[in-house]
2 protein chains.
Amino acid sequence: MRKPRLMAPGPAPVPEDVMLEMAKPVIHSRDPRTKEGIKKAVQGLQEILKTSNDVAILAATGTGAMEAAALHAVPPGKKALVLNAGWFGLRWAKICQAHGIDFETIDFEWGQPVDPNRVAEALKGRTDIAVVMGTLSETSTGTGHPIEAIGKVVAETDALFAVDGISGVGAMECHVDAWKIDFLCVGSQKALMLPPGLAFVSVSPKAWAVIDSFEPKAFYFGLKAAKKKLADWDTPYTPAHTLIFGLNKSLDMIRAEGIENVWARHKAMSDACQAGVKALGLELFSARPAEGLTAFVVPDGLKDSDIRKKLDERFGITVVGGQDKLKGKIVRIGHMGYNDEVDVVGALAALEMVLAQLGHDFEPGAGVSAAQRALIGQGSPVGAA
Amino acid sequence: MRKPRLMAPGPAPVPEDVMLEMAKPVIHSRDPRTKEGIKKAVQGLQEILKTSNDVAILAATGTGAMEAAALHAVPPGKKALVLNAGWFGLRWAKICQAHGIDFETIDFEWGQPVDPNRVAEALKGRTDIAVVMGTLSETSTGTGHPIEAIGKVVAETDALFAVDGISGVGAMECHVDAWKIDFLCVGSQKALMLPPGLAFVSVSPKAWAVIDSFEPKAFYFGLKAAKKKLADWDTPYTPAHTLIFGLNKSLDMIRAEGIENVWARHKAMSDACQAGVKALGLELFSARPAEGLTAFVVPDGLKDSDIRKKLDERFGITVVGGQDKLKGKIVRIGHMGYNDEVDVVGALAALEMVLAQLGHDFEPGAGVSAAQRALIGQGSPVGAA
């Protein structure tokens with residue numbers, strides 16, 4: 001028997017109920033039930049994103065939402081300021097470059113969080129920066145960036161704040177309105193517990209004022225058209241409505257748990273995974289770990305591909321390696337969405353067995369028990385019981 | 001009991017086996033099985049599209065594939081020539097306009113096919129036209145355009161030929177290579193028997209030569225990146241892989257039937273539906289009906305909304321009305337993908353009952369029997385038996 005356990009930082013596992021919801025007979029995309037579904041999805045997203053901003057639903061993956069934000073955030077003659085601290089921070093720059101949008105970057109070491117003071121310095125006296133582009137959870141390094149603090153800095157200027165929340169939303173606290181996020185970009189296949197194929201972007205009134213001041217070069221990702229159609233709970237082009245119905249099922253589950261409890265569960269999983277990994281003598285890669293994944297440095301003498309392969313072959317566990325310049329250097333364990341504390345403990349137990357086989361030196365059981373202690377000791381769902 | 005019967009020109013019904021394939025546990029998007037799935041999907045699409053061209057798979061709906069083609073087809077200083085004979089022909093123009101791509105249109109009356117001679121005239125002596133943009137099946141009017149003949153005209157020039165095949169592919173004969181189609185844009189939710197969320201675009205060597213001659217302003221829909229990743233059966237960004245696995249299931253079904261037989265089935269359904277509708281004293285809207293849908297003119301004294309509402313409420317049948325300037329003027333019956341001859345006869349029977357209730361004057365049974373005669377009399381699968 002091979003029981004699959006998807007513990008990657010996205011795509012993440014999808015609950016059976018959500019899969020079966022999407023397996024129902026397809027209805028028409030302009031059926032009143034589709035409009036009801038879009039309405040429920042938008043309102044559910046507003047609830048968990050803590051926002052009263054418009055939320056556009058796109059038939060795309062998260063990168064499409066980032067492209068939508070980029071195309072609408074920079075009027076002619078203005079620039080974007082990209083906070084580059086990893087592969088996905090860099091994606092903002094690549095999107096700008098491809099579309100001929102002028103930009104500059106502030107570069108941070110991969111694994112380090114963005115320093116809000118450097119953002120403040122960079123914005124000082126600048127009137128040409130139309131938008132600051134950041135990342136809630138940098139999936140490539142497993143780093144959570146201080147979006148609340150950066151939002152405060154950006155909000156004091158005329159610049160907009162666009163945030164890639166793709167692997168962050170649902171796994172990490174995020175308050176769009178309170179944190180002054182003008183564009184929040186979200187993908188379906190992470191902590192929202194859906195397959196890939198839907199993307200969302202929330203748009204603040206401050207952002208709309210900019211968007212309405214020029215003619216953004218966008219059609220498929222056109223937000224003006226999306227807003228117009230949203231008034232009637234519709235989309236400009238064919239919606240990926242089976243995924244939207246699945247989303248409503250997963251939003252029901254999130255609502256039943258309570259988004260604050262969902263965040264607490266991810267915090268508990270993150271703390272437990274960090275504690276477990278450290279107890280095995282492994283080094284965390286990130287100085288400020290994100291809560292949907294844990295990245296550890298591959299110890300000397302071991303190969304990340306061996307660790308991943310054995311986890312997969314023997315235990316059906318999918319974790320991932322590093323991207324770009326981190327290839328071969330780190331292993332990333334995802335614990336987001338439809339994963340719970342027992343999944344994390346199980347993954348650590350499997351990791352211990354694999355590391356023992358590969359000759360890594362550590363005290364057997366140390367990772368598991370450190371994770372358990374973390375789960376019992378703190379205000380996690382387990383500790384609270 | 002309400003048995004749903006989706007007879008719209010897309011989204012079209014999805015076979016149960018395809019839905020259940022997509023309800024399987026989600027695997028990682030970079031898993032070797034995902035690559036296998038992408039490889040199988042690309043090769044299957046090449047087979048049914050009759051092409052050896054590259055086929056990019058996008059996480060988007062069909063309009064995204066059109067945008068991808070438009071962004072790559074027109075180098076700076078060149079123009080697009082849009083063949084505008086309906087709402088979706090017009091979409092090419094709107095995409096160009098939104099992206100600042102220079103274009104002109106040749107306008108045809110809605111419901112009339114594009115005249116290849118007018119395309120030839122328009123291209124005569126022109127070196128500034130980089131691409132001609134046409135439509136295989138104009139969903140808004142139910143018209144099939146003579147793509148083979150237009151392709152012949154365009155192929156004699158340096159211009160590329162981009163075709164929206166969204167509601168046509170799978171329902172109508174289409175030979176990408178033989179018909180000299182440089183970009184064929186396809187959506188998943190029509191005759192390919194999938195939910196919305198995947199789009200495909202085939203790219204010819206003639207098109208690649210143009211694409212490689214400039215820097216297209218595209219990122220999410222970037223075809224150069226897609227080609228690079230396709231070499232390793234991968235995608236530049238997260239693929240909508242559950243849909244790709246579903247696609248492989250539907251391609252298996254199409255392959256088992258044989259694409260030529262699939263086209264013949266659609267031709268038979270189209271002929272039967274046309275015969276049935278005419279026998280009820282209704283006028284066909286299109287002068288050259290497409291094979292995936294039949295559009296008829298709403299007779300004087302009746303309202304399209306009454307016809308649609310009664311079909312839906314009493315028989316669970318979803319058909320659609322007209323779009324834009326055809327709103328209220330036509331009714332469109334879809335018969336594509338997972339629909340067969342009995343579905344068409346059933347829809348006509350239901351239409352008869354609804355029209356009788358609404359006071360339309362016709363001989364009861366005339367539509368059904370005309371459809372049956374069409375199915376028996378010609379080389380359709382029924383006639384052949």
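Some notes on this structure:
- Meets criteria (of a type outside the set (A, V, I, L, M, F, W, C), outside any loop (DSSP other than H, G, I, E, B), within 14 Å of chain A (Cβ to nearest Cβ) and surrounded by fewer than 21 Cβ atoms within 10 Å (Cβ to Cβ)) for B:K206: no
- Looking across the stretch B:285-305, just one residue is more than 19 Å from the chain's Cα centre (by Cα) and closer than 20 Å to B:P113 by Cα, and that is B:V297.
- In the stretch A:230-253, residue farthest from A:G337 (Cα to Cα) [restricted to those that are in a helix (DSSP H, G or I) and more than 13 Å from every other protein chain (Cβ to nearest Cβ)]: A:L230
- Scanning the stretch A:124-139 for residues that are under 11 Å from the mean Cα position of the chain (by Cα) and part of a loop (DSSP other than H, G, I, E, B) yields a total of 2.
- Enumeration of residues in the stretch A:8-46 that are under 16 Å from A:G170 (Cβ atoms), surrounded by 22 or more Cβ atoms within 10 Å (Cβ to Cβ) and within 11 Å of another protein chain (Cβ to nearest Cβ): A:A8, A:P9, A:G10, A:P11, A:A12, A:P13, A:V14, A:V18
- Residue in the stretch B:118-139 that is more than 21 Å from B:F200 (Cβ to Cβ), in the same structural domain as B:V203 (by TED's automatic domain parsing) and touching a Ser or Thr at 6+ places or on another chain (Cβ under 6 Å) present: yes
- Of all residues making up the stretch B:209-229, the number that are under 21 Å from A:A68 (Cα atoms) and either over 21 Å from the mean Cα position of the chain (by Cα) or assigned to a helix (DSSP H, G or I) (or both): 11
- Within the stretch B:209-237, restricting attention to residues that are within 22 Å of B:T61 (Cα to Cα) and in contact with a strand residue (DSSP E or B) (Cβ under 7 Å, 6 or more places away or on another chain), the residue that is surrounded by the most Cβ atoms within 10 Å (Cβ to Cβ) is B:F221.
- Residues in the stretch A:289-339 that are more than 14 Å from every other protein chain (Cβ to nearest Cβ) and hydroxyl-bearing (S, T, Y): A:T294 only.
- One residue from A:R332, A:R308 being more than 21 Å from the chain's Cα centre (by Cα) and outside the structural domain of A:C174 (by TED's automatic domain parsing): A:R308
- Those residues of the stretch B:209-228 which are within 14 Å of chain A (Cβ to nearest Cβ) and not basic (K, R), in sequence order: B:I211, B:F214, B:E215, B:P216, B:A218, B:F219, B:Y220, B:F221, B:G222, B:L223, B:A225, B:A226
- Taken together, the criteria exclude B:I307 from residues that are touching a Phe, Trp or Tyr at 6+ places or on another chain (Cβ under 6 Å), more than 27 Å from B:D17 (Cα to Cα) and among the β-branched types (V, I, T).
- Residues located in the stretch A:66-99, provided they are at the interface with chain B (Cβ under 10 Å from one of its Cβ atoms), free of Cβ contacts under 8 Å to residues at least 40 places away in the same chain and touching a Leu at 6+ places or on another chain (Cβ under 9 Å): A:I95
- Residue count for the stretch A:48-94 satisfying the condition of being among the charged types (D, E, K, R) and within 17 Å of the chain's Cα centre (by Cα): 3.
- The selection criterion, being more than 22 Å from B:R2 (Cβ to Cβ), at pLDDT 95 or above and among the polar types (S, T, N, Q), holds for B:Q323.
- Of all residues making up the stretch B:145-181, the number that are surrounded by fewer than 24 Cβ atoms within 10 Å (Cβ to Cβ) and within 16 Å of the chain's Cα centre (by Cα): 5
- Residue within the stretch A:258-281 that is under 29 Å from A:L160 (Cβ atoms), among the hydroxyl-bearing types (S, T, Y) and either in contact with a Leu (Cβ under 9 Å, 6 or more places away or on another chain) or crowded, with 17+ Cβ neighbours inside 10 Å (or both) present: no
- Verdict on A:F245 being assigned by TED's automatic domain parsing to the domain that holds A:V203, crowded, with 16+ Cβ neighbours inside 10 Å and not acidic (D, E): yes
The values are calculated or read from the model by the stated rules, or taken from the named source; none is laboratory data. In this text, all values refer to a predicted model and were calculated from it rather than measured experimentally. All Cβ positions, glycine included, derive from the backbone under ideal geometry; neighbour counts span all protein chains shown.
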